[in-house]
Amino acid sequence: MDGDGRSDDCDAGGEWIWVRRPQEAEAAAAAAGWPTEEAPPLKVVFASPARYFTDAAPIGNGRLGALVWGGVTSEKLQLNHDTLWTGGPAVAYGLSGDETQSYQPLGDIDLAFGEHIKYTNYKRYLDLESATVNVTYSVGEVLYSREHFSSNPHQVIATKISANKPGAVSCTVSLATPLDHRIRVTDANEIIMEGSCPGEKPAGDGNASNHPPGMKFCAILYLLTSGANGQVQVLNDKMLKLDGADSAVLLLAAATSFEGPFVKPSESTLDPVTSAFTTLNMARSMSYAQLKAYHMDDYQSLFQRVSLQLSRGSNGVLGGSTLAHLPENISQDAAVSDCTVQMVDCSRLNELNNSEKPTVDRIISFRHDEDPSLVELLFQFGRYLLISCSRPGTQVSNLQGIWNNETNAPWGTAPHPNINLQMNYWPSLPCNLSECQDPLFDFIGSLSVNGAKTAKVNYGANGWVSHQVTDLWAKTSPDAGDPSWALWPMGGPWLATHLWEHYSFTMDREFLERTAYPLLEGSASFLLSWLIEGHEGYLETNPSTSPEHYFIAPDGKKASVSYSTTMDMSIIREVFSAVLLSADILGKSSTDVVQRIKAALPRLPPIKIGRDGTIMEWAQDFKDPEPQHRHVSHLFGLYPGHTMTLEQTPDLCKAVANTLYKRGDKGPGWSTSWKMALWAHLHNSEHAYKMILQLITLIDPKHEHEKEGGLYSNLFTAHPPFQIDANFGFPAALCEMLVQSTGSDLYLLPALPRDKWPHGSVKGLRARGGLTVNICWKEGSLHEALVWSSSSGNSLALARVHYGDHAAVISASPGQVYRFNSELKCLETWQL
C-alpha cells in the first residue's frame, strides 16, 4: 500500500506465512517426546452485535486500542490512545493534593452499511491465537466478512471488509469523538480528525475545562479499495462513501502531543498531525497481508510462549479415555503412564465443541458443567490483554487497560497503586511476558522524580514516595478525599517491590544495577525517613491506614488512621529485604543506606495474631465494623509478599486461613483473584478453585451493581463496573496453583484441584531463579516435569525442586533441561 489510490493493491503480495522456530517450552517438550495435543480454539465468541461496551471485543497494540462492536447495519470501533489524558504536570504543595486527571476516549470509527438489512449466520469472535476480531454474516447469497487487528510493529489499527461476490462492498466511513475537534477529508481518501483534551478533568457535573490548554491529538483514517468498479465520494467534507468495491482496507493512525509527564501540553513541541502521517505512511507502503503477517509474528512471539491444557477426563476418571497413535512397540499399560503417548479424552472432545459456543452461554453454564476449557480461555485472555495494553515504550496499563468509552469514566480509569496497578502486572513474570512490564518500570522512574518532591515538601523526607492513585502525569501527592484511601504513602514502596521481582525471575544483573537498585534505594530512603521511634523500641509508621478500610476506635466511633498497620510493615520488610539482597549482588553492602536498613529491619513490629485467631490488620486488636471488607491488605506478606510461608511461619499461615474464612469469598473481581492466589499459597486447592467458581459468573450490564465480581460477556472482569485488574489477577493466581517459587525453591502443582483437573499440562511458565517449567500430570498427580534455565542470561547455581514429599536439587546452568518423573527422579538432561 503506497498511498497512491491504486485499486488493485488492496491485498498485493498474497498471504504471507512466517516460519519461526518453536518457542522454548515447545522445543523442550518435543525433545522430551511429549505429544502435540489438539487444543480447543482460543476464541471469545459472540452470537450477535454488541449492545453494551462490555459486549465489544478488545484489540490493542499497547498504545492504540479499539473495541469492536460488530454491527451489521453499522459497525463501531471505539478508539483509545494511551496518552490521551486531561490536565498536565503538577506538584501538590499540601497534604491533600489536586484530584487525579482522567483518561479520555479518542473517538470512534463508524461504518454505515445501510438500514433494515436482513442477515443470517451472524458470528463475531476474538481469536486469541492471531489477535484478530472477525465478523461474518450473510445477506441473501452474499457472505460478508470484516477482520480487525491493532498492529504493534506498524502502530495502526487495520480493518479489511470483504465479500464473496465482486462489487458487493459499500459503506459510509466516518470518524467521531466526544472531545473538542474538527474533521476534514482529503482527495487521497483520508479522514483527518484533530482535537484537544480538556485542560482539567471533568467536574462532578461532567463538564470539563479547557483552561489551561489540554493535550492535542490527531487521528487519520485511510481508505483503500479493490475492484474495477469501486467508487469513493466525499460527503459533507467529513465522510467517505464507498460504492461497489470488491473489498476495502481501512488503516487508522493516531498520535498526541504528549512529550512526557513533565512537559505541559501548552509547551509541547510535538505535532500530532505530523506524527500520525509518519506512522500512516509507513503502514500503507505495505499490503494488508504484509501488515497482518508482521502483526502476527510480533504478537505470537509473546503469546505462544505459554500453553495450558486442563481436562477432567470422562466422568472424572481415566477409564473414559482412549489411546491414539500408539506405537506398535509400546504396550497399552506402558502408554497410560508415559507422556509420549497422546490421550484422546472423550471430555476433551466436548470441550473442543464448547469452544465454538457463544462465550456468554459458556459463562452461564460454567456453574453446572465447570468446563476446564473456559478456564484455559480466561487464563489466555488475561495474557492477551496484557500484550495488547502494555508494551515497551507505551504507558502503564490503567484501571481499564487502554479501553475506555467515557470522558468521565469511573475513577477516571486512573492507575491505583493500592492493589489495582500492581495486580495488572502480576502475570507478566510467571506468564512469561516480562517485556510487558517495561512500561511499569518507566512509570516508576517518573514517579520517583515527582515523588522526591512530594517526599520533601509534604513530609520533609528523603527518597521518593507515591500514594494511592496516580495518572499519566505521574502524580505522587495524596489525592483529595477520605484519609481511609487518600493518606497512604505505601503505593510507591509496593511498586518498588516489582523491581526486585523482575530481577528474581529474569536474573538480569544489568537491569538490577541500572534500573532497579537506584529506585529501590530511593524508596528505602523514604521509608527510613518515614519510620519513627515507637513503643517498646519498635520503629513505627504514623499516620498509617489499611487501604480503604475502617476500625472501631476506643471511643466507639469509626476511624481509619492509626499507626503501623500490618500492610505498612509487610511492604517495608519487602523493600528493605530487596535492597539488602540487591546490595549483596552488586557489592554495595557497605553503603550508609544498607547499614541503616540492617539496623532498622529487626526493629519493625512483627505480624500479630488477634484474639479471634486472625491476622491483626492494625497495630492494636481493633474491632472490625466490616469483617467481609473487599481488601485483604494485611495478608500481603503471604502473597504477593514473602514474609509468611507454610514452611517458615505455619502459625501465621493458619491465622491467614482464619482471616480468609472470616473475610468471606464474595467481593470485586480483583479481590476474588487475590484470594485465589492466597488460598493457593496455603496449598488449599479446594478453596482456590472455589474462587474460580466465584469469578466465572455472568454480570448483566443493566444490573451490574446488584452483585460484586464476575465476568461480562466479552470476558472483561467486573468490580463492577469494568476493571481490568482481575483479568490479570486471574492468570497470575492460576500460575500460583500450578507453580510457586522462592529465590531457591521451586514447587510443582502446590494447589492443583485434582478432582477438577485430574489430567493436564502447562508449558512455559516462568519461576524465580531464571527458570522455565513444563508440567504434565495425570490422575491428579505429577507425571513429568521439565525444568531449565533460560538459554541467555544468568541463573541460580542451585535450585531445589519440590513435589509433595519429594525433592531434588539441580544445577541450573543456562539452557540445561532436566526431565523429572513423578517422584522427581531425574530421567535425563540435555542442552536446549
Expressed in angstrom and ordered largest first, the alpha-carbon extents of segment 761-831 along the principal axes are 36, 21, 20
Surpassing 27 Å at the alpha-carbon level, of the pairs K453/K557; K675/K707; K558/K608, are K453/K557
Computed about the Cα centre, the charge dipole of the chain from +1 Lys/Arg and -1 Asp/Glu charges at the Cβ has a magnitude in debye, to the nearest 20, of 700
Calc'd 3J(HN,Hα), segment 148-163, phi into Karplus 6.51 cos²θ - 1.76 cosθ + 1.60 (θ = phi - 60°), Hz, glycine/Pro = x, comes to 10, 8, 10, 8, 6, x, 10, 6, 9, 9, 10, 10, 10, 10, 9, 8
Cα gyration tensor of segment 390-664 diagonalised, 5x eigenvalues square-rooted, in angstrom largest first, produces semi-axes 27, 23, 19
The distance between the Cα centres of segment 483-548 and segment 353-389, in whole Å, is 37
The percentage of Cα-Cα pairs in segment 358-476 separated by more than 26 Å is 35
Using alpha carbon centers only, segment 175-206 is separated from segment 737-770 by a whole-angstrom value of 48
Taking every C-alpha to C-alpha distance in the chain and binning by 10 Å from 0, the per-bin percentages run 2, 13, 22, 25, 20, 12, 4, 1, 0
By the mean-Cβ-within-10 Å protection proxy, highest first, 560-567, 160-167, 720-727 rank as 720-727, 560-567, 160-167
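Please report, as a whole percent, how much of the solvent-accessible surface of the chain comes from carbon and sulfur atoms (probe radius 1.4 Å).
49
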Ratio for segment 418-493, C-alpha Rg to 2.2 N^0.38 Å, reads 1.16
Sorted largest first, the C-alpha extents of segment 84-166 along its principal axes in whole angstrom are 68, 33, 20
Of all C-alpha pairs within segment 164-260, those more than 20 angstrom apart amount in percent to 48
Packing-ranked peptide list from 451-461, 108-118, highest mean Cβ count within 10 angstrom first, is 451-461, 108-118
dims of segment 692-769, Cα set, principal axes, largest to smallest, nearest Å -> 48, 28, 18
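Counting each pair of different Cα atoms once, what's the Kirkwood radius of segment 530-569 in Å, rounded to one decimal? Provide the component values of the computation, followed by the final result.
Working: mean 1/r = 0.0923 Å⁻¹.
Averaging 1/r across every pair of different Cα atoms and inverting gives 10.8 Å.
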Counting only protein heavy atoms and rolling a 1.4 Å probe, one gets per residue an accessible area for the chain in Å² of 36
Rounded to the nearest 500, the 222 nm mean residue ellipticity computed for the chain from DSSP H runs (n ≥ 4, each -39500 (n - 2.57)) alone is -8500 deg cm²/dmol
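How large is the convex hull of the C-alpha atoms of segment 714-832 per residue, in Å³? Please report the intermediate quantities before stating the final value.
Values: hull volume 14.9 nm³, N = 119.
So the per-residue hull volume is 125 Å³.
The values are calculated or read from the model by the stated rules, or taken from the named source; none is laboratory data. Everything numeric in this text was worked out from a predicted model, so none of it was measured. Using ideal geometry, Cβ is built from the backbone for each residue, glycine included, and neighbour counts are taken over all protein chains shown. Heavy atoms of the whole protein, side chains included, go into the accessibility calculation; ligands, DNA and RNA do not. Shrake-Rupley method; radii C 1.70, N 1.55, O 1.52, S 1.80 Å.
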